[in-house]
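Below is one structure, written out as structure tokens; comments come after it.
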Amino acid sequence: LHNGISGLRIVPSLETPLNIRVMSQSPKSKSSKRSTESDGEFPLGAREYFFYLLFQAARQRDLFCDKALSSCGLNMAQWRSLAIVRRLEVCTMTSLARYSTVERTTLTRAVDQLVGRGLVSRWVPDRDRRQVNLSLTDQGEELFLRAVKILDAHNAQLLDEVHPDRLRDTMALLQANLRKLAGSDELAMDLLNFGRAEPGQG
């Protein structure tokens, strides 16, 4: 029976219909509390807070870069497209979607704009008419170099005071998580190496 008080229920006793016992809701499990609730040092449990901070840092950096890149006439989706196409030299739309993680409709619109501005060349190879290839034009390379100076300065402002060993440890932690999240060794290695056969090439 419910008594109208949140979290309480009344259970009739087997001994007498007039006698009732009040039972509280079962407490949260200790493991659930450890994973999501503050231990006093952080607002959330350490594991939950780590991914919250990861998301917020990435999002706030995107917002900053959107504003900073406006002087070059770019937004983050366009910038990522330029950077990925430049790295791969000849980039398919499938590869661009994989490395940018930009939603496909937004990505197609960004590429259309880059092609329209003469920054990216787009063509279909004779051997596979279903494939769309992209590469940077000379104008695109020039704009990329302008934009990367802006972002390099911002990255330096954020990370120059971080000890190299600490930065390396953080990258190793992120690499380990990406390997677990990718779902396959092949995809994990492709993402970790950013489209190159061996890390550090180019």
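The values are calculated or read from the model by the stated rules, or taken from the named source; none is laboratory data. In this text, all values refer to a predicted model and were calculated from it rather than measured experimentally. FYI the Cβ positions are ideal-geometry reconstructions off the backbone, even for glycines, and counts take in every protein chain you see. Heavy atoms of the whole protein, side chains included, go into the accessibility calculation; ligands, DNA and RNA do not. Shrake-Rupley method; radii C 1.70, N 1.55, O 1.52, S 1.80 Å.
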Can we say residue 124 is closer than 19 Å to residue 144 by Cα and either of a type outside the set (Asp, Glu) or open to solvent by 30 Å² or more (accessible area, probe 1.4 Å) (or both)?
no
Which listed residue, of 96, 119, 145, is out of contact with any Pro (no Cβ under 8 Å at 6 or more places or on another chain), closer than 15 Å to residue 72 by Cα and open to solvent by less than 20 Å² (accessible area, probe 1.4 Å)
119
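Results for (1) over 18 Å from residue 144 (Cβ atoms); (2) at pLDDT 85 or above, shown as yes or no for each residue.
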residue	(1), (2)
2	yes, no
16	yes, no
39	yes, no
75	no, yes
81	no, yes
85	no, yes
92	yes, yes
104	yes, yes
